[in-house]
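Read the figures in this text as sums done on the coordinates, not as results from a lab. Note that the coordinates shown come from a computational prediction; the quantities given were computed from them, not determined experimentally. Note: ideal-geometry Cβ built from the backbone for every residue, glycine included; neighbour counts use all protein chains shown.
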Amino acid sequence: MDWDQETYLPPGGVEDRANQLATLGGFTHQMFTSERLAGLLESAERELDGAPQDSFEASLLRVTRRDHEQALRLPAALVEDLARAGAEARPDWLAAREQKDWSIFQPRLERNVELSQAVADCHGFEVSRYDALIERGEPGLSTRRVEELFEQLKQAVVPMLAAIQERSDRIQDGVLDRNYDPARQIQVSLAVIKELGYDFHRGRLDISQHPFSVAFGPGDVRITTRVKRNVRDSCLFSCIHESGHAMYDQGVPRDLDRTPLWGGASSGVHESQSRFWENLVGRSRPFWRHFFPLLRDAFPAQLADQDAESFYRANNRVRPSYIRVDADEVTYNLHVLLRFEIERDLVEGRLGAAEVPEAWNELLARYLGLPPPDLVSGPLQDIHWVSAPLGTFVGYTLGNLISAQLMDRARLDLGDVDALLEAGDFSPLLAWLRAAVHQHGRMFTPDELTLRATGAGIGTESWIRYARAKFGELYDLSW
Ligand code: ZN
C-alpha cells in the first residue's frame with residue numbers, strides 16, 4: 001500500500017489510503033503488544049536453554065524482545081499522534097516551500113520536536129533524549145559516540161574541502177548538463193543494475209517523485225527512480241543506490257522470511273549497501289572503464305568529446321552545494337553533520353524551531369563556506385522533519401563509514417577488486433556482501449555486524465583514507 005501510494009495511487013485516494021494504513025498500523029501495534037505475545041515470548045525464552053548468542057533461536061528472541069519492548073513503551077495514543085502529526089504537517093511543509101515562509105512550517109516542527117521528546121521519554125535514556133532516538137534507529141549507538149565520529153570526519157573533511165576548492169578548475173563537469181533522452185537513461189540504468197546483480201525476477205523498477213526501495217519479502221523487492229533531461233541529477237546513480245538497498249533485501253535468506261529477523265540491521269547498515277554500490281563501485285574509475293562504452297552507445301552525440309576518464313572525473317567533481325541528496329562524496333557528510341547538530345539541539349531543548357533557519361545558515365557557512373540559501377534549498381529541502389520522531393539522519397553518515405570499511409575488507413578477501421570491476425565481474429563482490437552482511441538479516445546490531453564483517457566496529461579511518469586517496473589523486477593533492 002505504501003508502494004502504491006508513492007507510484008500509481010490517484011490523487012483522490014490519498015485520504016482513503018491514510019485511513020487504511022492507520023487501521024492496519026493500529027491492528028499490528030495491538031497484536032504485537034498483546035498479553036498473548038508477551039506470554040509466548042516468555043515461554044520461548046524458557047526453552048532457549050543456553051543457545052549461543054549468535055544462533056538463530058537466540059537472535060530471534062533477542063530481537064523480537066527488543067522490538068516488543070520498544071512497542072510497549074509507546075502508548076497507543078502517542079503512536080496515533082505521531083501518524084496524525086506527520087500527515088497534517090505535510091501540506092504545511094508544501095505551503096511553506098511554495099511561499100518561502102518558515103512561519104507556516106514552524107509550528108509543525110515545534111510539534112514534531114515535542115513528540116520526539118515524548119518518544120524519548122517513553123523509551124528512556126541515560127544521558128540525553130537524543131540518545132533514545134538514536135538507539136531506536138541504530139541499536140547500541142549513542143549521541144556521544146556519533147559526536148566522536150563526526151568530530152573525526154570534520155577534522156579531516158573541512159581542510160580537505162578547502163584545499164580542493166583552491167583547485168576547483170581541475171575538473172569540468174558541463175557534460176552532465178547536456179540533453180539526455182529520459183527513456184534511454186532508464187534503459188541504460190536497467191542494463192547497469194541488472195549487471196550489478198539486482199534480480200528483476202524478484203523486483204521491478206517504477207517512477208516516483210522521490211526514489212526509494214521497498215521489500216515485501218525475499219521474492220518481491222522493488223525500487224523506483226526519477227529521471228530528468230540532464231544527468232547531473234542522475235537517474236543512473238539513483239538506480240544504483242536503490243538497487244544497493246534492494247540487493248541487500250534480496251540477499252536476506254529465505255530461512256528468516258516471515259520472522260522479525262528478516263530485513264536490514266538498521267537504516268545505517270542499509271545505507272552502507274546503497275552507498276557501497278553507488279559510490280565505491282559506481283563512482284569509481286574501473287566502473288566507468290567498464291560501463292562508459294554502454295553509455296556512449298546510448299548517447300553518441302552527447303558524449304562524442306568524452307572518454308571513460310573524463311566522464312569519471314566529471315562525476316566526481318567536488319563542489320559545496322545546498323541540497324544534501326545532490327552532494328558529492330566529500331561534502332555529503334557535512335550536510336548530515338549540520339542536520340545532526342540542529343536536530344540534537346532541538347530535541348535537547350537548546351534550540352527553538354523559530355531559530356532553525358538562522359542556525360542552518362551559520363552552520364552552512366562554517367562547514368561548507370556557502371552564503372545563506374532560500375528556505376527551499378535550506379531547512380525545507382527534504383521531508384525528514386515533516387514527521388516525528390527525529391533522529392534518523394545519522395544513518396546516512398554511518399552508511400558511508402561502514403561502506404568504506406566493507407570495501408577495505410572485501411579487497412583483503414577478494415584480491416584485486418578494481419580488476420573485477422573493470423572486467424564487469426560484479427558477482428564476487430555481491431557474493432561477498434551476501435556472506436558478510438546480507439545473510440544475517442536483523443540478527444546483529446550495526447556495531448556487531450560491522451565487527452563480524454570487517455574485524456572492527458564502526459569507525460572513520462577507512463572512509464577518511466578512501467576519500468584522501470581518491471580525491472587527492474583527482475585534485476593532485478596529498479595529505
Ligand atoms: Zn538510501
Handout entry: Packing rank of 33-42, 95-104, where each peptide gets the mean count of other beta carbons within 10 Å, highest leading
Key = 95-104, 33-42
Completion exercise
Measuring from its Cα centre, the stretch 2-131 shows a charge dipole (+1 at each Lys and Arg Cβ, -1 at each Asp and Glu Cβ) which, in debye to the nearest 20, is 240 debye
Completion exercise
Distance in nm between V158 and A419 label points, each 7 Å along Cα→Cβ, equals 4.3 nm
Fill in the blank from the handout: Placing +1 on each Lys and Arg Cβ and -1 on each Asp and Glu Cβ in the chain, then taking the dipole about the Cα centre, the residue among G457, T225, S59 whose Cα reaches farthest towards the positive end is T225
Handout entry: Within the stretch 203-279: Cβ-based charge dipole about Cα centre, in debye rounded to nearest 20 (Lys, Arg +1; Asp, Glu -1)
Key = 320 debye
Handout entry: Interatomic Cα distance distribution for the stretch 33-90, bins of 5 angstrom, percent
Key = 4, 16, 21, 16, 13, 10, 8, 7, 4, 1
Practice task
For Q439, put the label point 7 Å out on the Cα→Cβ axis and report which residues of the stretch 453-475 keep their amide N under 17 Å from it.
Solution key: 453-455
Problem - Estimated translational D of the chain in µm²/s (Stokes, Kirkwood radius over Cα pairs; 37 °C; 0.692 mPa s) - result: 139 µm²/s
Problem - Mean Cβ count within 10 Å, highest first, over the residues of peptides 180-186, 267-273 - result: 267-273, 180-186
Completion exercise
Rounded to the nearest Å, the spacing of the alpha-carbon centers of the stretch 133-181 and the stretch 20-50 is 40 Å
Handout entry: Linear extension gain, R319 paired with L412, 0.36 nm per residue minus alpha-carbon span
Key = 30.3 nm
Problem - Spherically averaged projected area of the stretch 88-168 from its Cα convex hull (nm²) - result: 8.4 nm²
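Ranked highest first by the average count of other Cβ atoms within 10 Å around their residues, in what order do 305-312, 460-467, 22-29 fall?
460-467, 305-312, 22-29
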Completion exercise
As straight-line cross-link partners of K194, the qualifying lysines (C-alpha separation under 27 Å, not fewer than 8 residues apart within one chain) are K228, K470
Completion exercise
At the level of C-alpha centres, the distance separating the stretch 395-431 and the stretch 318-365, in angstrom, is 29 Å
Problem - Only Lys, Arg (+1) and Asp, Glu (-1) charged, at Cβ; the chain dipole about Cα centre in debye - result: 800 debye
